[in-house]
Amino acid sequence: MSAEYATNGLIGVLTPQANTTVEPEMWSLLPAGWSILNARLTSACDTMESRLVDYADNLSATSAQFANAPLSALAFACTGASYLMGHDKEQRIIDEVETRYNIPCVTAAQATATALKTMGAKKLALLSPYPDSLNTVSAQYWVSQGFSIVEKKGPAMINDAFHPIYAMSTEAVFQSYLQLAKSDADAVLMLGTGMPTLASLVRGHQQQLTPAISCNLALAWATVHASDNVDISLDDWLEGKHWLKRFRLIAGGS
């Protein structure tokens, strides 16, 4: 039985505790008849890196918050945890969750790797909101997935805000995109799930910049396709054919 506002599918999204971007972007990205139910990944650890590891280690237990909601799939909207635990541990956790709940589980990092390969990208320019410590393991993760990194830039972290990543502005993200589009990368990868990306993706497509993808877009695409045989190509997702109107509604018409 489907939920009234999710007649085609309902995704259980697992979001880092202070992240203000995942829910509006995921809701915007989904096709008609799809919706999300959100749960927060929480941790009392005192560093970003230790919290990320904690989120991953407790993923199976955290997913129990959804109880018997009629979920089509689970979406782990936290790329930093995947970088720190590496592909092998990431896959073990996915297998554990899928066995326990008997529905597909997709991580943002694995979804993004799959999307980039579908795009035919091999050389990446990373648009990164991360501190240097996380940039290092992030680059290692993408190299382990078979990509090469040709350049990296990102907006300045806003250290006096409620969170240095989640407070970044769309304009700062787009200016970094413009710089990275001058590289010889096959694709610009907008990292993380907390940095706002959708307006920059739309502007980049309109201006015919180097193709770009964000982790939230890849997660929505991969989770929907893991749940159902939805006939929407990745190119259409990248161009915003089904989600642009919905995004403009939530973004106040921008």
- Here are some conditions: (1) touching a residue at least 24 places away in the same chain (Cβ under 8 Å); (2) open to solvent by less than 30 Å² (accessible area, probe 1.4 Å); (3) within 24 Å of Thr136 (Cα to Cα). Phe66 meets all but one. Which one does it not meet? (3)
- Count of the stretch 1-26 residues which are in contact (Cβ under 8 Å) with a residue 60 or more places away in the chain and closer than 21 Å to Ala109 by Cβ: 14
- Look through the stretch 117-157, keep the residues that are within 26 Å of Thr21 (Cα to Cα) and aromatic (Phe, Trp, Tyr), and return whichever of them is surrounded by the most Cβ atoms within 10 Å (Cβ to Cβ). Tyr130
- Members of the stretch 207-235 that are among the β-branched types (Val, Ile, Thr) and surrounded by fewer than 19 Cβ atoms within 10 Å (Cβ to Cβ): Thr210, Val230, Ile232
- Message: I'm told Asp184 meets every condition in (1) free of Cβ contacts under 8 Å to residues at least 40 places away in the same chain; (2) open to solvent by 60 Å² or more (accessible area, probe 1.4 Å); (3) more than 17 Å from the chain's Cα centre (by Cα) except one. Can you identify the failing condition by its number?
- Response: (1)
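Okay, residues lined up against (1) more than 17 Å from the chain's Cα centre (by Cα); (2) of a type in the set (Lys, Arg); (3) buried (at least 22 other Cβ atoms within 10 Å of the Cβ); (4) not in a helix (DSSP H, G or I):
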{"site": "Ser200", "(1), (2), (3), (4)": "no, no, yes, no"}
{"site": "His205", "(1), (2), (3), (4)": "yes, no, no, no"}
{"site": "Trp237", "(1), (2), (3), (4)": "no, no, yes, no"}
{"site": "Phe247", "(1), (2), (3), (4)": "no, no, no, no"}
- Task: Select from the stretch 1-59 the residues that are in a helix (DSSP H, G or I) and among the acidic types (Asp, Glu) and write down the one among them that is surrounded by the most Cβ atoms within 10 Å (Cβ to Cβ).
- Result: Glu25
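Yes/no per residue for (1) modelled with pLDDT of 95 or more; (2) more than 21 Å from Leu217 (Cα to Cα):
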site: Ala3; (1), (2): no, yes
site: Leu14; (1), (2): yes, no
site: Ala18; (1), (2): no, no
site: Glu25; (1), (2): yes, no
site: Pro31; (1), (2): no, no
site: Ile36; (1), (2): yes, no
site: Asp46; (1), (2): no, yes
site: Thr62; (1), (2): yes, yes
- Query: Is it the case that the stretch 75-83 has a residue that's touching a strand residue (DSSP E or B) at 6+ places or on another chain (Cβ under 9 Å) and open to solvent by 60 Å² or more (accessible area, probe 1.4 Å)?
  - Reply: no
- Note on the structure: Going through the stretch 119-138 in order, the residues found to be in contact with an Asp or Glu (Cβ under 9 Å, 6 or more places away or on another chain), within 22 Å of Glu90 (Cα to Cα) and in a helix (DSSP H, G or I) are Ser133, Leu134, Val137
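The values are calculated or read from the model by the stated rules, or taken from the named source; none is laboratory data. Note that this is a predicted model, so its numbers are computed, not measured. As a convention, Cβ positions derive from the backbone with ideal geometry for all residues, glycine included, and neighbour counts pool all protein chains shown. In case anyone asks, the SASA skips ligands and DNA or RNA and just uses the protein heavy atoms, side chains included. Shrake-Rupley method; radii C 1.70, N 1.55, O 1.52, S 1.80 Å.
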